[in-house]
Amino acid sequence: MGMTQVTTLECTLCGAEYDPNRIIYTCPEHEGVKGILEVTYDYDAIDDAFDGDLGGPIASQWKYEAFLPVAADADIVTLNEGGTDLFDAPNLSAALGVETLVKDDGRNPTGCFKDRASAIAVTKAKHAGRDIITCASTGNAAASLSGYAARGGMDCRIFVPGDAPTGKLAQPLVYGADVLAVNGNYDEAYDLSVEVTEKYGWYNRNAAINPFQVEGKRTVGHELADQSIARGHVPDWVVFSMGDGCTIAGAWKGFKEFYDLGYVDDHPKMLGVQAEGASAIHDAFHNHEDIDDIAETLADSIAVGRPRNTIKACRALEQSGGTSVLVSDEEILEAETLLGSTEGIYSEPAGAAPIAGVQTALDRGIIEQDETVVVVSTGFGLKDTKSAEKATGGVDRIDPEIAEVEGLYGTAEEAAADD
Ligand SMILES: *Cc1c(COP(=O)(O)O)cnc(C)c1O
Ligand SMILES: [Zn+2]
């Protein structure tokens, strides 16, 4: 009994195929974690099974269950992830000088798009009879996995870099996870989680190596295609920030599936945005010579020095006819306040980075002014209020006296006379 629509796990390096019903993470033929596996499907079977109302409402990502690699008899662990709004953003568009829409994936149950993948991970782990699930995380995957593990009645043990924002550490603790803050960076926390998985046999959710996690991220692509059908227009560009590169890869795979099946008649170009201080995918895509593995950016969710999914991410950029750009931390913070102040959408730095990327791409003539752009805000701003303080310069402190207000805005009479 298995996932009828999944055919194989195929190595992205050597093409070797593996049985999807075994728990296997990477192709054993290569050193390290480079032999990332790709889940392949029987699309005729999926097309037969899928009866969603395209262009209609999206209650959650489970509208696309026919595309998801979970067994027909699995109990689905869900908090109603996905189905996020695609907003018109007229004020932001005017400020940027290009028509821009915002898909706000920060509105997922734990405040980040990773919930799409966590729902799949916990559903699969539970169905496989596992009771301990683990991951390494820059913060959001930890919070997300912990929430879903709690929902699924599983134990969760997570490895985070010691300097993750405190808001992101509080969340998994409330969800009851063991939070192991590693004295080191994300890459070191990651390597430890892989070693632990091998030694203890816990189920590993790491999106970059667990081939099924990217599959959950496809639903953001399905939704973007579905919402394009509702709007009668496919955007020219879809913009994501990139850390490990799984998100943009998953989103592209999902959109392309709908395009290949003929559900939509066009596809967007993917624009990947990285921070100047953590630019490994961008460097690989543009064939830069000296790729370093430094990860220095305040956008902690994309502070990845050695991305685990560079191959899939670069394929997404290339196949879609897109590209990548770099942005500075300063530009990311400006983008965060720009999005908040123009549209009332509060993103964490990695969620706002795509907007800084659009600005850069416009300046460089990559995006044309008559094109349409969708930016995906991947994470909610309340997860990282320290960065928000930096971005805004903080509050005006005043004494509880009317004179203080008059000092700022003039007297009530003066203000009325100005109207
Ligand atoms: C994880 C994350 C990203 C980057 O996703 P990758 O799959 O690592 O490229 C971007 N934004 C937010 C908010 C995230 O949590
Ligand atoms: Zn291989």
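The values are calculated or read from the model by the stated rules, or taken from the named source; none is laboratory data. All of these numbers come straight from a predicted model, not from anything done at the bench. Using ideal geometry, Cβ is built from the backbone for each residue, glycine included, and neighbour counts are taken over all protein chains shown. Heads up: the accessible areas ignore ligands, DNA and RNA and are worked out on the full protein's heavy atoms, side chains in. Shrake-Rupley method; radii C 1.70, N 1.55, O 1.52, S 1.80 Å.
Here is a check on your reading of the model: is Ala251 modelled with pLDDT under 90 and either under 30 Å from Phe50 (Cβ atoms) or in a loop (DSSP other than H, G, I, E, B) (or both)?
Values: modelled with pLDDT under 90: no; either under 30 Å from Phe50 (Cβ atoms) or in a loop (DSSP other than H, G, I, E, B) (or both): yes.
So Ala251 fails the test.
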Next item on the list: Determine whether segment 221-238 contains at least one residue that is within 12 Å of ligand 1 (Cβ to nearest atom) and buried (at least 24 other Cβ atoms within 10 Å of the Cβ).
Entry: no
Checklist line | Top-ranked residue in segment 1-22 [being at pLDDT 85 or above and among the charged types (D, E, K, R); ranked as nearest to ligand 1 (Cβ to nearest atom)] | finding: Glu10
Check: For segment 175-191, which residues satisfy the criterion of being out of contact with any strand residue (DSSP E or B) (no Cβ under 7 Å at 6 or more places or on another chain), in contact (Cβ under 8 Å) with a residue 24 or more places away in the chain and either more than 19 Å from Cys246 (Cα to Cα) or crowded, with 20+ Cβ neighbours inside 10 Å (or both)?
Finding: Tyr175, Gly176
Note to self: I'd like the residue in segment 353-367 that is open to solvent by 10 Å² or more (accessible area, probe 1.4 Å) and touching a residue at least 24 places away in the same chain (Cβ under 8 Å) and, out of all such residues, is nearest to Gly83 (Cα to Cα).
What the structure shows: Gln359
Next item on the list: Out of Gly55, Gly111, report the one residue that is within 16 Å of ligand 1 (Cβ to nearest atom), open to solvent by less than 70 Å² (accessible area, probe 1.4 Å) and touching a helix residue (DSSP H, G or I) at 6+ places or on another chain (Cβ under 8 Å).
Entry: Gly111
Checklist line | Residue check for Tyr200: in contact (Cβ under 8 Å) with a residue 60 or more places away in the chain, under 28 Å from Val6 (Cα atoms), surrounded by fewer than 23 Cβ atoms within 10 Å (Cβ to Cβ) and away from ligand 2 (no atom under 16 Å from the Cβ) | finding: yes
Item checked: Test set (1) in a helix (DSSP H, G or I); (2) more than 30 Å from Gly365 (Cα to Cα); (3) touching a Gly at 6+ places or on another chain (Cβ under 9 Å) - Ala164 fails condition number -> (1)
Next item on the list: Any residue in segment 391-419 that's farther than 30 Å from Thr297 by Cβ: show its pairings with residues that are open to solvent by 70 Å² or more (accessible area, probe 1.4 Å) and assigned to a loop (DSSP other than H, G, I, E, B) at Cβ separation under 6 Å, as long as the two are six or more apart or on different chains.
Entry: Glu404/Ile398
Notebook entry, point to check: Considering only residues of segment 288-313 that are touching a residue at least 60 places away in the same chain (Cβ under 8 Å) and among the hydroxyl-bearing types (Ser, Thr, Tyr), which is nearest to ligand 1 (Cβ to nearest atom)?
Noted result: Ser301
Check: Would segment 224-239 turn up any residue that is in contact (Cβ under 8 Å) with a residue 24 or more places away in the chain and farther than 26 Å from Glu368 by Cβ?
Finding: no
Next item on the list: Inspect all residues belonging to segment 117-124 and state whether any of them is farther than 18 Å from Lys63 by Cβ, modelled with pLDDT under 95 and open to solvent by 10 Å² or more (accessible area, probe 1.4 Å).
Entry: yes
Item checked: Cβ pairs under 9 Å, 6+ apart, first in segment 11-31 and of a type in the set (Val, Ile, Thr) and open to solvent by 70 Å² or more (accessible area, probe 1.4 Å), second near ligand 2 (Cβ under 10 Å from one of its atoms) and at pLDDT below 85 -> none
